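Input: a single structure, listed below in structure tokens.
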Amino acid sequence: MPFTEDRLNLPLRLRVLQWSLAAVFLALAIAFWYFQVARHQQFLEMAENNHQRALPLAAPRGVLFDRRGSVLVENRFAFNISIVREQTADLARTALDVAQLTGVPVETITDALERSKRLPSYRPTVVLRDVTESQMAAVAAHRLELPGVIVEKVPTRRYPPASMAAHLIGYVGEVTDAQLARPEYKDVQGGAVVGQSGVEQTYNPLLMGADGARHVIVNSRGREIDVLGEEEPTEGRRLQLTIDADVQRAAEEAFRHYGFRGAAIALAPSTGEVLALSSLPAYDPNSFAAGIGRAEWNGLLTDPLRPLNNRAVQGRYSPGSLFKIAVAVAGLEEGVITPDTRIFCGGGASFYGRFFKCHKAGGHGSVSMREALEKSCNVYFYTLGNLLGVDRMHKWATALGLGEMSGIDLPHETQGIMPSTAWKKQRTGEKWYAGETISVAIGQGQVSVTPVSLAVMMASVANGGTRIVPHLVRAVDNGKGWEQLPAPAGQRDLGMAHENVEVVREGLWMVVNGAGTGGRGRIVGYDVGGKTGTAQVISNQGKARAGKGGRDLRDHGWFVFFAPAKNPTIAGVVFAEHAEHGYSAAPIAKFMMETWFAKEEGRPLPTLAPLPGTPVAPRAPMPTVVAAGPRPAAPSRAATPVTATASTSRTGGDR
């Protein structure tokens, strides 16, 4: 019986098997149709893409010009050695071979390969930039033994010689992981070269341009077998900077000539255009463009003179007697004194049980505002500061730019400190003591400023009371010609009375042209106004405790300036680090101003006074290569006796 039932069920089982097989073949037929007909085009493109590659072609960065059309930064072609990782069977061995052939540490190459892990393996990884002819020849001679090692011709930066304007212009380098994580770098590919400092960093989106691409066909092993075509890269935008290359060079030549380091800034008072901005010692940006080595980079980082630090915008120092300009403005604007108010100086004065010296042991006698500025009388400003109080000094000092961010279009600006009662309460939880005001009144104590903020203050006084915003770019080439950029936001009228500004400017003119300490900045026929300042690095007590340690504790020297006095076209500051006296900084400013006036009037450039036995050759102007945009119009343009009791703080010299 069971046998009979099995025979009866056999046809049913066969039919089930037949239908199952039919269903399977139908599914396969549908799948074949779907993949080979319905999605034919999509899979064809995918197949083609498997053997097509788009290799980037680096775009040249935009050229930088000075205000008169001289080329500052341009591009040149260099040769890089790269490794295509997917074509290299033994990456470690290849890195070692390239290192031995080129004479560089293998760590330099392995570090570059490590950074490239996030990139597609078919993209060439630059391991050595701007190689020499001998390095290139060594690799080319062993190209059959080094699969995946190629030599690429790429555009790179050529910066001015002698590190000129290094901190202003900045340098370029390979984009970092930290930068790639920021929104402004969302369109930047790993391995790209971007601005890392200065104008190169601030204006990187304009300067970068757009990379092109080289479309190639490769075989299954990744080797190129044909070129389909190229998309040419688009050069970055050309920028016309505000600086005058010869004034910039004059500042740096003068620093080296007189043996100082420090910072100098010159501004156009009516517009805030930066005519020069230097910081010394500096570094060579060309080293970065070529791919700086680890040893050289570590040397810059550990150098005690801090060449990577932009003293002009990052250095923070006591202003010394330069702060008296802000105190004078505050006293006049607040109505605490008049220009003719006289204060007696007998060599010092007592405030709150403590005796404060003037730098002149015998005193200055009875002096007015103009005379107090000319002679930098400490007693006058002790007394005026005491009458004002720290908060009113804070009000006008910050209005003039001290203790504030200048807004300059350079990265990493540092903010100074202008103390007030609220500032101290917030910082220390303690109240402000009236005795602290006396030191602040002559720019000592807790006051610290950046050179750029002092340049803003001088420009504001020179132009009659308008707080300017310093800036470095005048125009951008939009592809159809030069487009003048609008003035940056933030410029404002401080509401200073014209007669008060004139009193301060007259006092500063007397500093240079009268009996003051600024005579080394005098230029016949140009009515220079200015002020020297000497600022302590450390108090006398601290200096005594420090003994003869290795740290340089000599005072810093300052000189602020503007000219011509009645219609200023240039204003600024010179900071001479450890120069001991403010008047030491004045000749640097003088040479900058002489160069500026010579350029404006079409005269031969001046020369520095030679050191004994050192002839100085005449200077040739920077060659004008391209007329880089329109020049702006020339800037347009100003009692009751009080006695302080003569009765041990340190003040001194050219204050």
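The values are calculated or read from the model by the stated rules, or taken from the named source; none is laboratory data. This one's a predicted model, so the numbers in the text were calculated from it and none came from an experiment. Cβ coordinates were reconstructed from backbone atoms using ideal geometry, including for glycine residues, and neighbour counts include every protein chain displayed.
Things to note:
- Given (1) modelled with pLDDT under 95; (2) surrounded by fewer than 24 Cβ atoms within 10 Å (Cβ to Cβ), index of the condition T534 fails: (2)
- Residue within the stretch 287-307 that is in a loop (DSSP other than H, G, I, E, B) and touching a Phe, Trp or Tyr at 6+ places or on another chain (Cβ under 6 Å) present: yes
- In the stretch 470-507, of all residues being at pLDDT below 95 and hydrophobic (A, V, I, L, M, F, W, C), the one that is surrounded by the most Cβ atoms within 10 Å (Cβ to Cβ) corresponds to W482.
- Residue check for G363: in the same structural domain as G514 (by TED's automatic domain parsing), more than 21 Å from L508 (Cβ to Cβ) and more than 39 Å from the chain's Cα centre (by Cα): yes
- S448 being hydroxyl-bearing (S, T, Y), assigned by TED's automatic domain parsing to the domain that holds W509 and touching a Phe, Trp or Tyr at 6+ places or on another chain (Cβ under 7 Å): yes
- Cross-chain or 6+ apart pairs with Cβ under 6 Å, the stretch 476-492 first and small (G, A, S), then assigned to a loop (DSSP other than H, G, I, E, B): G490/G407; G490/V469
- Restricting attention to the stretch 310-335, the residues being crowded, with 19+ Cβ neighbours inside 10 Å and in a loop (DSSP other than H, G, I, E, B) number 4.
- Of all the numbered requirements in (1) in contact with a helix residue (DSSP H, G or I) (Cβ under 8 Å, 6 or more places away or on another chain); (2) surrounded by 19 or more Cβ atoms within 10 Å (Cβ to Cβ), R354 misses one, and that requirement is (2).
- Looking only at residues in the stretch 86-145 that are within 14 Å of G190 (Cα to Cα) and of a type in the set (S, T, Y), the one that is surrounded by the most Cβ atoms within 10 Å (Cβ to Cβ) is T125.
- Of the set (1) part of a helix (DSSP H, G or I); (2) under 41 Å from the mean Cα position of the chain (by Cα); (3) modelled with pLDDT of 80 or more, all apply to G69 but (1).
- Against the criterion of being within 28 Å of the chain's Cα centre (by Cα), crowded, with 18+ Cβ neighbours inside 10 Å and closer than 30 Å to L472 by Cα, R76 does not qualify.
- Residue in the stretch 384-400 that is aromatic (F, W, Y) and either closer than 30 Å to A266 by Cα or surrounded by fewer than 21 Cβ atoms within 10 Å (Cβ to Cβ) (or both) present: yes
- Pairs with Cβ under 6 Å, 6+ apart, first in the stretch 569-585 and hydroxyl-bearing (S, T, Y), second modelled with pLDDT of 85 or more: Y583/T517; Y583/R520; Y583/T532; S584/G557; S584/A576
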